[in-house]
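Worksheet: one structure, shown below.
The values are calculated or read from the model by the stated rules, or taken from the named source; none is laboratory data. The model shown is predicted, which means the values in this text are computed figures rather than measured ones. FYI the Cβ positions are ideal-geometry reconstructions off the backbone, even for glycines, and counts take in every protein chain you see. In case anyone asks, the SASA skips ligands and DNA or RNA and just uses the protein heavy atoms, side chains included. Shrake-Rupley method; radii C 1.70, N 1.55, O 1.52, S 1.80 Å.
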Amino acid sequence: MPKVTVDGQEIEVPDGATVLQACELAGKEIPRFCYHERLSIAGNCRMCLVEVKPGPPKPQASCALPATEGQEIRTDSQMVKTAREGVMEFLLINHPLDCPICDQGGECDLQDQAVAYGRGGSRYHENKRAVTEKYMGPLIKTIMTRCIHCTRCVRFSEEVAGVDEIGALYRGEDMQITTYLEQAAQHELSANVIDLCPVGALTSRPYAFEARPWELKKTLSIDVSDAVGANIRLDSRGREVMRALPRINDDVNEEWLSDKGRYMVDGLTRRRLDKVWIRKRGKLQQATWEEAFKAIARAKPGKSIAAIAGDLVDCETMFAARKLLGAMGSGLLEGRQTGMDYPADNLAAMAFNSTFAGIETADAILIVGSQVRHEAALVNVRLRKAARRGAKVFVVGPQWETTYPAEFLGEDVSVLGNLPAEVAEVFDKAERPAVIVGAGGLAAGAFEPALALAQGWSREGWNGFNVLHTAAARMGGLMLGYAQKGGMAEVAKAEPKVVLALGADEVDWSAFDKSLKVYIGHHGDKGAHAADIILPGATYAEKDGTYVNTEGRVQFAEKAVFAPGDAREDWTILRALADALGVEVGFDSFAELQSAMIAEVPALGVEGLADLGPLPKAAKGGKGKGGTISYPVADFYLTNPIARASAVMQRCSAELARGEEILEAAE
């Protein structure tokens, strides 16, 4: 490890570190526009200039200069100060004075660094250049006259997303950043370029002119649009969530967020259930809470009551329903709405055991029944990293457009029992082989043969068997017992008098014609349309809650805003329902509920990866029966009730998924 001196302070830096990283280790702030920790080095903005000895007597770009033994680095000399002022002056020659009307205002790197490192005025008075606007789709608003050509957006698209959609045209003063043929950026991570852009060239189209950052209340939350559990920050004003932004968590989402997780938040205020409804003579009519609870009590369910958990539900809500059913003497709990049935008694067999960070180190990956780009866009980023490091990727299932080299082996589960010899050889020789089973694979019966393969390729200190769920509530539900042997068919066969649908919108309700269907949820979606009684609940943004991602990682989301109208937090509805049914559930506050949940399932009380125990042994001769795989996600943008209520997601679905042409008003 080389030793360098930064402004008189001697420090030791890791091998391969740059001068910029050495300065940061010494606690010095180095301004930069093009450099980003997760992207390749471009060295084209020149803002990170420092003075280095030995070396030429001129400022040098610290982002592209390796730190070597004995270097003396100065970040505060007059030479450096003058050089940075000059670079900033050049950057501002063509940059328009848009700050008062620019959405980047208040969180703009150029603004901040111009104040900290720029001169008090400019010596240039020529006309500024102008660039025609580009169209990058319904999510990204472009004002490319502001662009300073840092190329962060280009490098992100090529290196992280793996989609070569953004690039540079022309040279010198004529250079322009654009999408090819000026089409919309059509991938699931496109809006991350908004966070990366250090100026106001790429901003959020749906959020344009909505609010300034200092007006917003910031709340730490978890993305529930998929099972990755990306860490997000909800920015709200009054009772409305204005936007969702990613938080840095290297173990989960790094600092990226899928477009759906970022933009479905406008659906939080649309199609909301904010009143109690009871179906009378075939039509839903407005009612009071008291009338609804009396109607449920009149059904006298006794032990004949079931609870079905939806995809977006928090663990506290599921536990409250479990306590209610337990007090009634029922154990009919299910969370796999679409009827899947797989052995759920071993949690390790249902988790992403390699972890998201760990899958990057795999050198051979077999994906079974998962269209990863649509089911977990941020896991696809990790798989692309593994492929760029040399991992070989094979897919069993219908073909889809991968962002890395991959070989498709067939669409039937029977392929797993008879892998081509050259494929089997790759996994036999691999040091860290991994198998990823998606929801499509589980539905087609791929669990046993995939587990058998993974155990045949087992390596000491490495667990390569992974299940990739699609629902934010799935792992939490499995930990709380929301899985019947026989799946949803077993619940329907029991013919319960009352079914509590906890935000369950993907169920085939025709199997429950004889049951009183009570929907506790937040949107007028499929579940509400089928319900006999609707009790308005709260979304993930309107309540505190615990979520467990597909890795088995326990995470906590905080309440950002209040639910609208008569809507209440779900656990309070279940607590009041217990009184109406005349049973004791043992909690009267959220703190008591959470304590009771942690007492019964201690893993839910510790944030981070839960200890799910060892994998079970695969069944002997676990080659499984054949079954054609199909993927559960038909439209990436419309997978849950919040997204289906979102005007932004509907437009994305129409334009990006279905290829419809969106006309402007004047057209």
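I'm trying to understand the selection: among the residues of the stretch 530-539, which are outside any loop (DSSP other than H, G, I, E, B) and either modelled with pLDDT of 95 or more or among the basic types (Lys, Arg) (or both)? Correct list: 533, 534, 535, 536. Exactly one residue out of 423, 368 is of a type in the set (Val, Ile, Thr) and either over 15 Å from residue 629 (Cα atoms) or in contact with a Lys or Arg (Cβ under 7 Å, 6 or more places away or on another chain) (or both), and it is 423. So, in the stretch 226-239, of the ones that are open to solvent by 10 Å² or more (accessible area, probe 1.4 Å) and not charged (D, E, K, R), which residue ends up modelled with the lowest pLDDT? Per the stated criteria, the residue is 238.
Checked against (1) open to solvent by less than 40 Å² (accessible area, probe 1.4 Å); (2) over 26 Å from the mean Cα position of the chain (by Cα), residue 495 passes all but a single condition, namely (1).
The selection criterion, being at pLDDT below 90 and either among the hydrophobic types (A, V, I, L, M, F, W, C) or touching a Pro at 6+ places or on another chain (Cβ under 7 Å) (or both), does not hold for residue 202.
When the stretch 624-642 is filtered for residues that are surrounded by fewer than 24 Cβ atoms within 10 Å (Cβ to Cβ), closer than 19 Å to residue 540 by Cα and aliphatic (A, V, I, L, M), only 638 remains. Looking only at residues of the stretch 554-582 that are open to solvent by less than 20 Å² (accessible area, probe 1.4 Å) and in a helix (DSSP H, G or I), we find that the one that is nearest to residue 217 (Cα to Cα) is 570. The number of residues in the stretch 367-384 that are in a helix (DSSP H, G or I) and farther than 20 Å from residue 231 by Cα comes to 1.
Filtered by the rule that a residue be assigned to a loop (DSSP other than H, G, I, E, B), modelled with pLDDT of 85 or more and either acidic (Asp, Glu) or in contact with a Gly (Cβ under 8 Å, 6 or more places away or on another chain) (or both), the stretch 586-626 gives 588, 607, 610, 611, 612. Which of the residues that make up the stretch 453-496 are within 19 Å of residue 614 (Cβ to Cβ) and part of a strand (DSSP E or B)? 459, 462, 465, 466, 467 - these are the residues of the stretch 453-496 that are within 19 Å of residue 614 (Cβ to Cβ) and part of a strand (DSSP E or B).
Which ones in the stretch 360-371 are touching a Phe, Trp or Tyr at 6+ places or on another chain (Cβ under 8 Å) and open to solvent by less than 10 Å² (accessible area, probe 1.4 Å)? Within the stretch 360-371, 364, 365, 366, 367, 369, 370 qualify.
Within the stretch 58-73, take every residue that is in a strand (DSSP E or B) and over 19 Å from residue 113 (Cβ atoms) and give me the one that is nearest to the chain's Cα centre (by Cα). Taking the candidates together, the pick is 66. Looking across the stretch 431-449, the residues that are closer than 21 Å to residue 633 by Cα and in a helix (DSSP H, G or I) come down to 439, 440, 441, 442, 443, 447. Considering the stretch 40-57, and only residues there that are surrounded by fewer than 19 Cβ atoms within 10 Å (Cβ to Cβ) and assigned to a loop (DSSP other than H, G, I, E, B), the residue that is nearest to the chain's Cα centre (by Cα) turns out to be 40. Here the condition is being touching an Asp or Glu at 6+ places or on another chain (Cβ under 7 Å), closer than 30 Å to residue 554 by Cα and in contact (Cβ under 8 Å) with a residue 12 or more places away in the chain; of 507, 491, it holds for 491 alone. The stretch 248-357 holds strands (runs of 3 or more DSSP E) entirely within its bounds, and those carrying 1 or more residues that are open to solvent by 40 Å² or more (accessible area, probe 1.4 Å), closer than 30 Å to residue 650 by Cβ and touching a residue at least 24 places away in the same chain (Cβ under 8 Å) map to 276-280, 283-287.
For the subset of the stretch 583-600 comprising residues that are open to solvent by 50 Å² or more (accessible area, probe 1.4 Å) and touching a residue at least 40 places away in the same chain (Cβ under 8 Å), which member is nearest to residue 232 (Cα to Cα)? The residue in question is 600. Listed here are the strands (runs of 3 or more DSSP E) enclosed by the stretch 165-241 that have at least 2 residues being more than 14 Å from the chain's Cα centre (by Cα) and free of Cβ contacts under 8 Å to residues at least 60 places away in the same chain: 166-169, 176-179, 231-237. When the test is whether a residue is open to solvent by 40 Å² or more (accessible area, probe 1.4 Å), of a type outside the set (Ser, Thr, Tyr) and more than 27 Å from residue 548 (Cβ to Cβ), residue 460 passes it. Residue pairs whose Cβ atoms lie under 9 Å apart, separated by 6 or more positions or on different chains, with the first residue in the stretch 1-25 and without any contact (Cβ under 8 Å) to a residue 40 or more places away in the chain and the second assigned to a helix (DSSP H, G or I), are 11/22; 11/25; 12/25; 14/21; 14/25. Condition check for residue 513 on (1) within 27 Å of the chain's Cα centre (by Cα); (2) farther than 30 Å from residue 433 by Cβ: one failure, at (1).
Within the bounds of the stretch 536-549, is there any residue that is farther than 30 Å from residue 359 by Cβ, of a type in the set (A, V, I, L, M, F, W, C) and open to solvent by less than 30 Å² (accessible area, probe 1.4 Å)? Yes. Looking only at the stretch 357-382, residues that are farther than 14 Å from residue 437 by Cα, out of contact with any strand residue (DSSP E or B) (no Cβ under 6 Å at 6 or more places or on another chain) and of a type in the set (A, V, I, L, M, F, W, C) come to 4 in all.
Exactly one residue among 448, 422, 431, 411 is free of Cβ contacts under 8 Å to residues at least 24 places away in the same chain and either surrounded by fewer than 22 Cβ atoms within 10 Å (Cβ to Cβ) or of a type in the set (S, T, N, Q) (or both), and that residue is 422. Quick one: would you say residue 103 is open to solvent by less than 60 Å² (accessible area, probe 1.4 Å) and under 16 Å from residue 148 (Cα atoms)? No.
Which of the residues that make up the stretch 118-142 are open to solvent by 30 Å² or more (accessible area, probe 1.4 Å) and either closer than 30 Å to residue 380 by Cα or modelled with pLDDT of 95 or more (or both)? Hits for the stretch 118-142 are 135, 141.
Filtering the stretch 194-208 to residues that are closer than 12 Å to residue 137 by Cβ and surrounded by fewer than 24 Cβ atoms within 10 Å (Cβ to Cβ) leaves 194, 204, 205, 206.
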